[in-house]
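Worksheet for the structure shown next.
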Amino acid sequence: FGVGFYSVFLVADEVTVISKNNADDQHVWTSDASAEYTIAKDPRGNTLGRGTQIVMHLKEDALEFLDLGTLRNLIKKYSGFISYPIYLWASKTVSEDGSPIDEAGADGEVADEESSGSDGSKKATKEVFEWELVNHQKPIWTRSKEEITEAEYQSFYRALTGEDEDALIHTHFIAEGEVDFKSIVYVPKKAPQDLFSRYTTKRRNIKLYVRRVFITDDFDGLLPSYLSFVRGMVDSDNLPLNVSREMLQQNKMLKSIRKKLTRKVLDMIRKVSRDDEELYNKFWAEYGTAIKLGLMEDTSNRTKLAKLLRFQSSKSEGKLTSLEAYVERKPESQKNIYYLAGDSVATIEKSPYLELLKRKGIEVLYLSDPVDEYACGALPEFEGAPLKNIAKDTVEMEEDEEKVKALEDEFSELMVWLKTTLSTKIEKAVISRRLVESPCTLATGYFGHTPAMEKVMKAQAAAQGSDQAYMLNAKKNLEINPYHPLIKELNRRFKDDKEDPVVAKLATMLYETAALNSGYGLEDPSDFVSRIHRLMMQDLDISPDATAQYEGFEKPPGSEPAPASDDAQAEPQQTEEVIDADERDEL
């Protein structure tokens with residue numbers, strides 16, 4: 001008569017317990033949950049033989065528990081794996097010869113019926129009752145993993161989760177220490193569609209059992225959010241059976257289970273990454289973003305998570321590579337791990353930031369996922385090698401300082417003029433130490449935003465309706481390549497004539513091309529497009545003032561000038577330049 005028994009009064013007005021012990025007569029205990037109860041010898045005698053029978057007189061609002069389907073689901077959910085068999089007195093329809101026809105699934109009197117046979121003839125049937133074993137699923141986690149086949153693991157996964165397909169990977173372990181527990185966890189083949197849209201939402205993916213009795217799956221704490229895709233169960237003998245959800249949140253044992261369970265899940269993923277590259281690539285395609293989020297959130301397991309990261313690189317030939325492989329490949333003289341973020345691998349490979357590193361044969365990691373730069377920003381170093389973002393001006397390259405000083409002196413006036421002319425767009429103009437083929441590029445400082453990060457943050461600000469997007473429009477540094485012929489000619493023209501209008505136009509176009517080529521983009525691309533169109537017209541020997549000619553279309557109202565006289569009104573006026581036949585042929 002503990003908490004478990006007294007819960008019957010939640011659904012029953014009156015409860016009768018009939019019990020028979022071998023050494024005593026059969027007795028009857030009756031109570032209606034008041035302060036009184038009655039107990040006496042059963043006047044019917046020893047009808048049970050041995051054992052206990054509990055009879056509940058259900059309340060009107062609890063009649064759902066007379067439904068076999070409801071009872072069957074409750075047993076499977078909470079007691080599906082206990083070692084004691086649980087039977088239901090269920091009905092089914094059979095033919096007169098005893099062969100099954102259909103399971104009725106509801107209580108009722110045994111009655112003769114008729115059903116149609118395959119040839120259309122009437123076939124006599126009857127409804128019979130028998131004991132149906134409900135908890136037939138065996139708790140495989142209590143067995144040694146050497147005794148369990150892969151088919152049994154997958155069958156248990158489908159029974160536990162209700163999924164139709166097998167799991168991608170799984171692990172089975174026993175944890176000992178402050179709290180002992182057994183666990184089997186699985187990673188599904190496909191990530192949930194709402195894995196990130198409901199990232200902070202509580203998921204019921206880990207079922208907690210105490211001595212094989214299901215307790216709950218409705219609580220937070222057994223796994224961190226970035227591992228919410230993991231499915232499985234935990235069975236502990238150390239927790240009390242009557243533990244409540246509120247007690248679980250404060251239970252120190254639960255914190256110990258969380259720590260060990262998280263470590264075992266990461267060890268499982270790590271083992272797959274070492275032993276089966278093809279299988280791990282499948283895992284990474286589905287859950288790579290979750291691992292990167294874990295790198296930012298779980299500082300205690302950051303080292304383990306860093307070993308799970310995979311990126312393409314300038315030397316991986318389109319395949320994924322790990323940070324460990326990068327460190328093994330880099331020369332001893334290289335102290336840093338270099339990376340660059342962008343919209344896609346194809347875009348990153350064309351970035352001007354890569355030019356010098358490519359020429360020197362230095363490997364660069366390609367970060368094409370929007371969350372990549374956040375993740376690498378949370379990882380200051382890996383195995384003693386600092387991670388450096390080459391889109392920032394903090395990347396140091398070995399250069400001849402005397403040569404750089406000479407170049408700075410040669411282009412000093414031009415750089416000062418560029419800073420003044422483009423003062424609303426750039427912070428300063430400097431000699432680039434990273435450009436090889438491009439004439440110029442834009443770069444940000446250590447605390448500034450790279451092109452990829454700026455796009456992500458602008459998108460977030462727009463999605464959230466934030467008015468702080470203006471903070472992202474910080475001025476960048478304009479880096480010029482002193483070896484490029486365009487920069488050399490610009491410097492020569494500037495020194496010859498500081499008021500040359502062509503130099504001013506070229507300075508503006510240099511900034512715009514640098515912004516586009518580096519990935520920052522333009523706030524107002526229409527001016528840039530207009531300048532490109534004028535250059536195209538000049539190359540085709542078309543007057544920059546020429547406008548489009550329309551034939552067969554009415555001009556909009558108000559576009560015609562007012563007629564000066566009747567004679568002028570009689571003759572149509574030519575207001576736009578017309579290309580003659582010879583010029584058309586030449587074009």
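Quick notes on this structure:
- Heavy-atom accessible area with a 1.4 Å probe sorts F196, F173, largest first, into F196, F173.
- For S314, the shell of other residues with beta-carbons less than 14 Å away shows a net charge of +4, using +1 for Lys and Arg and -1 for Asp and Glu.
- Annotation: amide H-H contacts under 5 Å for A378 (H modelled 1.01 Å from N, sequence separation of 5 or more, or interchain): none.
- Taking all protein chains as shown and a probe of 1.4 angstrom, D32 keeps an accessible surface of around 90 Å².
- Theoretical gain in end-to-end length, I174 to D61 [0.36 nm per residue, Cα-Cα removed]: 36.4 nm
- Cβ-based net charge around A167, under 10 Å, with every Lys or Arg adding one and every Asp or Glu removing one: 0
- Taking 0.36 nm per residue of separation and subtracting the current Cα-Cα distance, fully stretching the chain between A23 and D497 would add 158.7 nm.
- Other-chain or far-sequence residues with amide H under 5 Å of Y209's (modelled H): I215, V234, D235, S236
- Residues whose placed amide H lies under 5 Å from that of T321, excluding near-sequence neighbours: F311, Q312
- Each residue was assigned an accessible area with a 1.4 Å probe, and for K495 the value is about 100 Å².
- Label-to-label distance, nm, for residues given as L535 and V404 (7 Å Cα→Cβ offset): 3.0
- Within the stretch 66-95: backbone nitrogen closer than 18 Å to the L10 label point (7 Å, Cα to C-beta): 66-67, 70-80
- Among the listed pairs K59/K252; K138/K292; K202/K392; K292/K315; K307/K428, those beyond 31 Å (Cα-Cα): K59/K252; K138/K292; K202/K392; K307/K428
- Distance (nanometres) between label positions extended 7 Å along Cα→Cβ at T508 and Y84: 8.8
- Share of carbon and sulfur in the accessible area of the stretch 252-396 stands at 46%, probe radius 1.4 Å.
- S236 accessible area, assembled protein chains, probe 1.4 Å, Å²: 0
- Table column - 3J(HN,Hα) (Hz), the stretch 4-17, Karplus curve with 6.51, -1.76, 1.60, x for Gly and Pro: x, 6, 5, 5, 5, 6, 5, 10, 10, 7, 9, 10, 10, 10
- Note on exposure: Y520, Y326 ranked by accessible area (1.4 Å probe, complete protein assembly) read Y520, Y326, with the most exposed listed first.
- Summed residue charge, Cβ within 14 Å of N491's Cβ, Lys/Arg positive, Asp/Glu negative: -3
- Sorted on the mean count of surrounding Cβ atoms within 10 Å across their residues, most packed first, peptides 54-66, 131-143 read 131-143, 54-66.
- Solvent exposure, largest accessible area first (probe 1.4 Å, DNA, RNA and ligands not counted), of T444, T289: T289, T444
- For the stretch 515-522, putting each phi into the Karplus relation 6.51 cos²θ - 1.76 cosθ + 1.60 with θ = phi - 60° gives couplings of 5, 5, 5, 7, x, 6, x, 10 Hz, in residue order, rounded to whole numbers and with x for Gly and Pro.
- Averaging the Cα positions of each part gives two centres, and for the stretch 1-72 and the stretch 125-159 these lie 30 Å apart.
- Surface analysis of the stretch 117-201 yields an accessible area of 58 Å² per residue, using protein heavy atoms and a 1.4 Å probe.
- From phi via Karplus (6.51, -1.76, 1.60), per-residue ³J(HN,Hα) for the stretch 80-86 in Hz, x at Gly/Pro: x, 10, 6, 6, 7, x, 10
The values are calculated or read from the model by the stated rules, or taken from the named source; none is laboratory data. No experiment lies behind these values; they were computed from the predicted model shown. Positions of Cβ are generated from backbone atoms using ideal geometry, with glycine treated the same way; all protein chains shown enter the neighbour counts. Each accessible area value is taken on the protein alone, full model and side chains, heavy atoms only, with ligands, DNA and RNA left out. Shrake-Rupley method; radii C 1.70, N 1.55, O 1.52, S 1.80 Å.
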